[in-house]
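The values are calculated or read from the model by the stated rules, or taken from the named source; none is laboratory data. Because the structure is a prediction, the values reported are computed rather than measured. Cβ placement follows ideal geometry from the backbone for every residue including glycine, while neighbour counts extend to all protein chains displayed. Keep in mind that these areas ignore ligands, DNA and RNA; they rest on the heavy atoms of the full protein, side chains included. Shrake-Rupley method; radii C 1.70, N 1.55, O 1.52, S 1.80 Å.
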Amino acid sequence: MHQENSRRDMIKKVATMAFASTALSSLSTRVAAHDLAVGEELKGKINHSVCAWCYNMPLDELCKAAKQIGIHSIDLVDPKDFDILKKNDMITAMVASNGPDWNIGKGFNTVAHHDKLEEYFKHYIDETAKAGFTNLICFSGNRNGMSDQQGIENCTKGLQRIIGYAEKKKVTLVMELLNSKVNHPDYQCDHTAWGVELCKSVGSPNFKLLYDIYHMQIMEGDVISNIRSYHEYFAHYHTGGVPGRHEIDETQELYYPAIMKAIYETGFKGHVAQEFIPAHKDQIASLRQAIGICDLA
């Protein structure tokens, strides 16, 4: 009887080990399936970009590394650095406008800013159009006790002072949706519904939203549902792992292949930019993996 029990225990151990091995192999296969091999061509269904600020390297170096992966756009580049893009035959799908005077917390929802914002953004619209680029980022600013409705009214007044100029120059002003819970306390454009109402109030095809998947997962969730419902108001997308804003792999709560499929199915022709901060030492390997995850077959 003792020998029979020992034999049964051994069989159970072997079966358990085999199951664990199979499960591990399956996980490894699924993770590896997202790794883009060096030299492998992208499928072309998604236009990829990458945010410059996330990488601890010179812009010129990032351009060269991105091109090797098949990426032809670097996000959030200031006009003073356009020459580096041109030298590397790259574009920026989203021009930066974050400076010492106007930034995420100080934007269009404050009427006292409008005069200088008009001057500032007309200059940036000119620089964007001159370089042949089309999207220029902007921000609502912080609430500072302001109601949502007042914020929409104030942003509308400020944006309508420059939106006609943007239309003539064929530049789209794109306000980013950001979370006010973790990264940008008090920021006003922190929910999709608020941003969509502002788009409707401004009433121009040259004013749209940057739907940041990382930020909106933190604030409201329903990422795929909101993409399907409001995609006509989105000019651009950013990625990022939740929680932590690191790699968009199996370590976080979002499943990006399904999100990319939803974006593609809306008919979106713009860019999706990686905006996660690599936690791994090999930053470009992390970027390559993320592009593999987001590149639809």
- prompt: Once the Cβ-Cβ distance between Q68 and E167 is put in as r, and R0 is 41 Å, what FRET efficiency do you end up with, to the nearest 0.05?
  reply: 0.65
- prompt: Assuming R0 = 30 Å, what is the FRET efficiency of K261 and Q150, from their Cβ-Cβ distance, to the nearest 0.05?
  reply: 0.20
query: Between the helical axis of 148-160 and the dominant principal axis of the chain, each derived from Cα atoms, what acute angle in degrees is found, rounded to the nearest 10?
result: 60
message: Only bridges whose two residues both fall in the chain count here: according to DSSP, what percent of them are antiparallel, nearest 5?
response: 10
Residues whose placed amide H lies under 5 Å from that of H238, excluding near-sequence neighbours: Y211, D212, I213, A273
message: If you fit an axis through the alpha-carbon atoms of helix 2-32 and take the longest principal axis of the Cα set of the chain, what angle between them do you get, 0 to 90°, nearest 10?
response: 30
Residues of the chain: accessible area per residue with a 1.4 Å probe, Å²: 48
message: With a 1.4 Å probe and all protein chains left in place, how much of the accessible area of the range 44-294 comes from carbon and sulfur atoms, in whole percent?
response: 49
query: Between Q160 and A297, what is the label-to-label distance in nm when each label sits 7 Å out along the Cα-to-Cβ direction?
result: 5.1
message: If you take Rg and Dmax of the Cα atoms in Å from the coordinates, which of (i) 22.5, 91; (ii) 20.3, 64; (iii) 20.3, 71 do you get?
response: (i)
field: Dipole-positive endmost among C294, Q160, M175 within the chain (Cβ charges, Cα centre)
entry: C294
query: What nm value, rounded to one decimal, do you get for the distance between K122 and E61 when each label is placed 7 Å out toward the C-beta?
result: 4.1
- prompt: Where the only charges are on Cβ atoms (+1 Lys, Arg; -1 Asp, Glu), what is the dipole of the chain about its Cα centre, to the nearest 20 debye?
  reply: 440
